[in-house]
Each structure stands twice: as structure tokens, then as C-alpha cells.
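The values are calculated or read from the model by the stated rules, or taken from the named source; none is laboratory data. These numbers come from a predicted model, not from an experiment. For neighbour counting, all protein chains shown are included, and Cβ atoms are generated from backbone atoms with ideal geometry for every residue, glycine included. Calculation scope for accessible area: heavy atoms of the full protein, side chains included, ligands and nucleic acids excluded. Shrake-Rupley method; radii C 1.70, N 1.55, O 1.52, S 1.80 Å.
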Amino acid sequence: MSAQAGHGAAVRIDACGKTFADGTRALEPATLDIARGETLVLLGPSGCGKTTMLRIIAGLELPDAGGRVLFDGKDMTPVPIERRNVGMVFQSYALFPNMTVSDNIGYGLKIRGVPSKERAERVAELVALTNISGLENRRINQLSGGQRQRVALARAVAIRPGILLLDEPLTALDAALRDRLRGELNRLLRALGITTIYVTHDQSEAMELGDRVVVMQKGAIAQIGTPREIYFTPRSRFVAEFIGAANIVEATIEDRHLVLPGGRQPIHCDVDMPAVVAMIRPETIRVTSTGSASLSGTIDSISFIGDRQRLVVSGASNRLLTVDAPNTLRTRPGERIGLSISPDAVRLLPPES
Amino acid sequence: MSHRSFVWLCLLPLAVVTAAFFLLPMARLVVTGAGGPQGLAGYLAILTEPRYRATLINTVLLAAATTIVTLIVATIAGMFLQRHRFPGRAVLIAMLTFPLAFPGVVVGFMIILLAGRQGLIGDFSNRLFGEKLVFAYSIYGLFLGYLYFSIPRVILTIMAAVQKLDAGLEEAARSLGAGPWAVQRDVVLPALAPAFVASGAIAFATAMGAFGTAFTLATNIDVLPMLIYTEFTLAANLSTSAALSVGLGIITWFILALARSFSGSAVAAAG
């Protein structure tokens, strides 16, 4: 068991859909492979089916007829969660209020009949790993949110699960703590090297933690890819707008140029098209003098963010264009500026989206 | 008139009612209890006099048994009713809580109809075994009556507590490998402990002091309220019945306090 624990199990979700008793379709039949040791993030707005998919993998929900869940090639669909050997962290943490921190962490081992001496050793190991030394005998209601999160993780990992499932584990925390714990969680998951499925609605969490990210929309998979792939080459407008900030412009293509109200932007496309939708990330747009640039526009407003400033530019495209400029750039609203964009940074999206 | 004196004025009715209907009768009861030939020692009679002591033990055992069985029945039923939706559920809940509307006399009457000399159970056992099973006029009949009386009070509290249970707790326990029994033992029942204490206390106190049911069933059942009644009306032993009344109050209060402190850690933990 311990030999396998370092890597966990490979997961295959085969045509798993979910229709609830009242007829709502929570998840369209989806097929997905998760490699041994991989961290896969299910990302999407609320109601996109990401939690349903996680619960199907966990064994808390049954997929509709025809759907199968396989761990290391073994069909686990009829196996209840208590025999799937999965570690799960809940959004509410679901720590047992009638037990101390140690008892919480050791609960899965106790159920498995692990002798108390061995159990204590494993608990101590996890207490050290998750940085909660000194809290072992505390009650759950004496812990802060961040401490609860660590206990929940330690408890899930203690049983050396084949798969670790995390359902929005950082959502209940305040922003500053969330950022700090995200980094910590990332290191911990890398160190454990266990197959992990992580559900979140926060795209920055998904980017930082995921080997691959599954973007979901309305119960269906919109795109699967590495964080870089989904960021740089989104396959739909939904993905482009959900991941990071994106300018979506509508234009025509003429002679390898995007024809916009503010000028002609060179792109990599040989075919002339009357109506296209293109995505341009704010940080790929460079502010230059009006003379040398292919595009120009007028600054509408400026928000100083600290590490950069965000300009909203009108007149360049058919709608307002967001531009991330260096924080040292001296400029003010009303000023006319030139915009320079590399052809590589313009991504054409399918028109229907 | 200042705000402060206005507030005091508003408290006046409460003070009057408290004094007239609570403090004065209690004080009078305590004084009467000590007014017998034995004086203050009259209070100890509830423990020293063998007949009184036997009655006390009987009453406590009956109340404890009522509380335990009520909790078991109400927990299983309450959990099922809260977690399942089925046709007739609302009607069933209404029926289960119906006894709240009955005074003890009616409950006693129902027990007689069920297990009395002309009762349903006797009739049934007569046809089946040729022997009439009659237990309405004994402590067993009283036990059944109290059970009927207590279940609705407890079941409503349990249902409310079950509704508030975090479903995640059970799922977490299952994910860690706990089977259905272990989930109940380690997660659900501890989380319901405060509801058990609160509703169990009500069931216990009711069973200690209820009189109507006992009086309807028989006058010779050995429970404290009946003893107080017979001492008072038949023996006209005013001081003894007062002392027994105070004793009944103190003992009930003491046992409830004990239960509360005993489960205190569990209650605090679940909060």
C-alpha cells in the first residue's frame, strides 16, 4: 500500500453524466483521464458541474447509467466511498467537533484498525508536514480557519489515499491567507506526488496548482489543457474570459490584418474573413507613440494597481480595450496613445462563441 | 420620569407575578414541609422512610427508562423522518406530535383502551393464547403512557437537530473508511448529544412529575406524585406531602443538573 501511496492511482472517468432526480442535468457525459501523480484542477463558475464530477469520482454520487469510474483500470463505479481509499477535503472542512485535532487526523487509521502506536507516529508525521505542531490536543472550535484547513488536509492524507480530492479547500478563507496557503498547498501536493483532483472557481488557484486544468461550463467540459495552454490558446470566448483578463474584439480580416476602428493590426492569418472574434490579453499590448504604432486610441481611465497600471482605451477597437502598462509610464486620461501588439498575441476564437 | 425608573416600573408586573405565584408558594411549601412532628427531619423522610425511598427509586427508574426508550425511538424515527421524503410524511409527523394536545387523563384513558381489561392487547392475546394480557393498571401501563407522552416532545427537537447536521461530516467520515455504524457512533450521535440532553431532560422531568396519567390508571402505582396525592388527600398529612413535593423538585433538578454537567464537554464540543 505504501509503495503505491507516493504516486496514487490513475483515474479514468468514462462517459460520466449526472441527471438529478428532479430532471436537472448537472453534468453532460464526460470522459477524462487523470495520470498517476497528476494534479488536475476542475475549474468553472458555480453550477458548472465541477463539484458533481468530483463527487462522482469520490463515490458520493453515482453517475447516470453507462458512466464508469476506473482507478488504475479497475471499475470502481459500484464501490462506495468508504472502500475507495480516497482522501477528501471539504469546503466546510467537515472536521469532527467531538474529537481533538489528533483524533481527527488519526480517525481514518483508527477505522482501519491501525494500532495506536503506529497511528500516533503517522499523526505526528502529518502534524509536522502541515505545520500545526502544538495544536494536537485542541478542539476544532479552538482553531482558526487556516488551521482547520491544514487539519482537514492532514486528515485526508493520513490514510495514504490513492487519490486526493479537494473541494474548494481555500474558498472559506480570507484573501491574504488564501494566497499564502495556496503556495503552501502547492509545495505539499508536489511533495506528496499523489494523484490530486482539485475543484475551484478561482482561476489563479487553478493556474498555480494544476498540472492540467479542466475548464467547465454549464455541465460540460469547455477545454482541457495545461495552465499555459488554456491561458494562451483558449478555445472559446468563455474560456478566454474566464481565465485571466481578456479583450474580446470583433473585426474583419483583410490581407493578414485585423481591421479595427483604431488602425490595422497585423496577424497570422492568410484567409480574408468578414467577421471574426479575436482575443488580446491586456499585458501583450505595449503603449508607444502614436506615429510608430499600428493601432491608436484615447485613454479613457487609468487604475493604478501597484505592480502595473491598467488603462482603458477607447477608439482602438469596437469596444473599450484594456491595456496593462508599466507602473512607471507617465500618462493621463484624454491622451492619445499608440498601441503595439505582436501578431503572436492575437488569438482568433471560433465565431459562434 | 427618568429612563431608569421607567424600566423598573416595567419590571414591576413581573416581580409581582413572580412573588405571588412562585416565590411565596415555594416558601410556604418549604415551611410547611418542616412543620410536621419531625420538624426539618421530615425532609429526610423521603430517603430514610423505606416506603418513601422505594417509591422514589421506582419513580427515578421509571423516568430514566422512559427517557432512554423515548430517546432511542425518537432518534431513529426523527432521523428517518427528517431525511426522507415520502407520501404521507406530513400526516405521520402530525400524528406523532398529536399527543402534545392531550392532557395526562386522556393518555391514561388511551392506555386503558389499549392494555386494560377490555383493551385491545388483552383481546388479542386472549384469542391467540387464551389468556388476557392486562398491564394498563401497573407501572408498565404508566411507562407506556409516558412514552406516548414524551415521544412527540423529543422527536421535534431531534428532527430540528438532524436538520442542522452538516452532511459533510458524514461524508468525511465515510471518505475515511467509516461504515454506516461507525458513522452513527463517531459522528452523528455525538453531534446530536446537545439535543439528547435538552429533550431528554424534558422527558425525564415530565415522567418524574406527571400525575394525570398515573391517577387515571390506578391509585396504587408507586410513584412520587401519587404518593404526594395520597399523603395529602387521604392521610391529610400536609407536612409530609409538602416535604415530598420539595424533595421531588430538588431530586429532579439535581439529576437534570448532573446530566447536563456530565454531557457538558460533549455539548461544548459540538457547539
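Taking the conditions (1) in contact with a Ser or Thr (Cβ under 9 Å, 6 or more places away or on another chain); (2) part of a loop (DSSP other than H, G, I, E, B); (3) of a type in the set (S, T, N, Q) in turn, A:SER317 satisfies each one other than (1).
If you scan the range B:82-140, which residues turn out to be part of a helix (DSSP H, G or I), more than 23 Å from B:LYS164 (Cα to Cα) and of a type in the set (Val, Ile, Thr)? The answer is B:VAL105, B:VAL106, B:VAL107, B:ILE111, B:ILE112, B:ILE121, B:ILE139. Of the residues A:LEU109, A:LEU188, the single one that is free of Cβ contacts under 8 Å to residues at least 60 places away in the same chain, within 20 Å of B:ALA178 (Cα to Cα), open to solvent by 10 Å² or more (accessible area, probe 1.4 Å) and not charged (D, E, K, R) is A:LEU109. The requirement of being closer than 20 Å to A:PHE238 by Cβ and not in a loop (DSSP other than H, G, I, E, B) is fulfilled somewhere in the range A:53-65, by at least one residue. Of all the residues in the range B:157-200, those that are assigned to a helix (DSSP H, G or I), more than 10 Å from chain A (Cβ to nearest Cβ) and not small (Gly, Ala, Ser) number 14. Scanning for something farther than 22 Å from A:LEU185 by Cα, open to solvent by less than 30 Å² (accessible area, probe 1.4 Å), away from chain B (no Cβ under 13 Å) and under 26 Å from the mean Cα position of the chain (by Cα), does the range A:140-148 turn up at least one residue? No, the range A:140-148 has no match at all.
Among the residues of the range A:321-328, is there at least one that is modelled with pLDDT of 90 or more, on the phi < 0 side of the Ramachandran plot, open to solvent by 50 Å² or more (accessible area, probe 1.4 Å) and in contact with a strand residue (DSSP E or B) (Cβ under 6 Å, 6 or more places away or on another chain)? No: zero hits. Do we find that B:THR206 is in contact with a Leu (Cβ under 7 Å, 6 or more places away or on another chain), more than 14 Å from chain A (Cβ to nearest Cβ) and open to solvent by less than 50 Å² (accessible area, probe 1.4 Å) in this structure? No: the conditions fail for B:THR206. Selection of the range A:54-71 for residues being open to solvent by less than 20 Å² (accessible area, probe 1.4 Å) and either out of contact with any Cys (no Cβ under 7 Å at 6 or more places or on another chain) or at positive phi (or both) yields A:LEU54, A:ILE57, A:ALA58, A:GLY59, A:LEU70, A:PHE71. Among the conditions (1) aromatic (Phe, Trp, Tyr); (2) more than 8 Å from every other protein chain (Cβ to nearest Cβ); (3) in contact with an Asp or Glu (Cβ under 6 Å, 6 or more places away or on another chain), the only one that A:PHE71 does not satisfy is (3). Of everything listed in (1) open to solvent by less than 10 Å² (accessible area, probe 1.4 Å); (2) in a loop (DSSP other than H, G, I, E, B), the single unmet condition for A:THR77 is (1). Selection over the range A:100-120 of residues that are more than 8 Å from every other protein chain (Cβ to nearest Cβ), on the phi < 0 side of the Ramachandran plot and assigned to a loop (DSSP other than H, G, I, E, B) gives a count of 2. None of B:ALA160, B:ALA259 is surrounded by fewer than 19 Cβ atoms within 10 Å (Cβ to Cβ), touching a residue at least 40 places away in the same chain (Cβ under 8 Å) and farther than 30 Å from B:GLN38 by Cβ except B:ALA259. Quick one: how many residues across the range A:238-248 are out of contact with any helix residue (DSSP H, G or I) (no Cβ under 7 Å at 6 or more places or on another chain) and over 19 Å from A:ILE285 (Cα atoms)? Matching residues across the range A:238-248 total 1. Would you check if A:GLY87 is open to solvent by less than 10 Å² (accessible area, probe 1.4 Å), facing chain B (nearest Cβ under 9 Å) and outside any loop (DSSP other than H, G, I, E, B)? When the stated conditions are applied, A:GLY87 passes them. Filtering the range A:260-273 to residues that are open to solvent by less than 50 Å² (accessible area, probe 1.4 Å) and not small (Gly, Ala, Ser) leaves A:LEU260, A:GLN265, A:PRO266, A:ILE267, A:CYS269. Comparison of A:VAL239, A:VAL215 shows that the only residue that is within 26 Å of A:ALA175 (Cα to Cα), surrounded by 18 or more Cβ atoms within 10 Å (Cβ to Cβ) and under 8 Å from the mean Cα position of the chain (by Cα) is A:VAL215. For the range A:274-305, filtered to residues that are open to solvent by less than 30 Å² (accessible area, probe 1.4 Å) and part of a loop (DSSP other than H, G, I, E, B), the residue that is nearest to A:PRO351 (Cα to Cα) is A:ARG281.
Here B:LEU29 does not qualify as at negative phi, open to solvent by 80 Å² or more (accessible area, probe 1.4 Å) and part of a helix (DSSP H, G or I).
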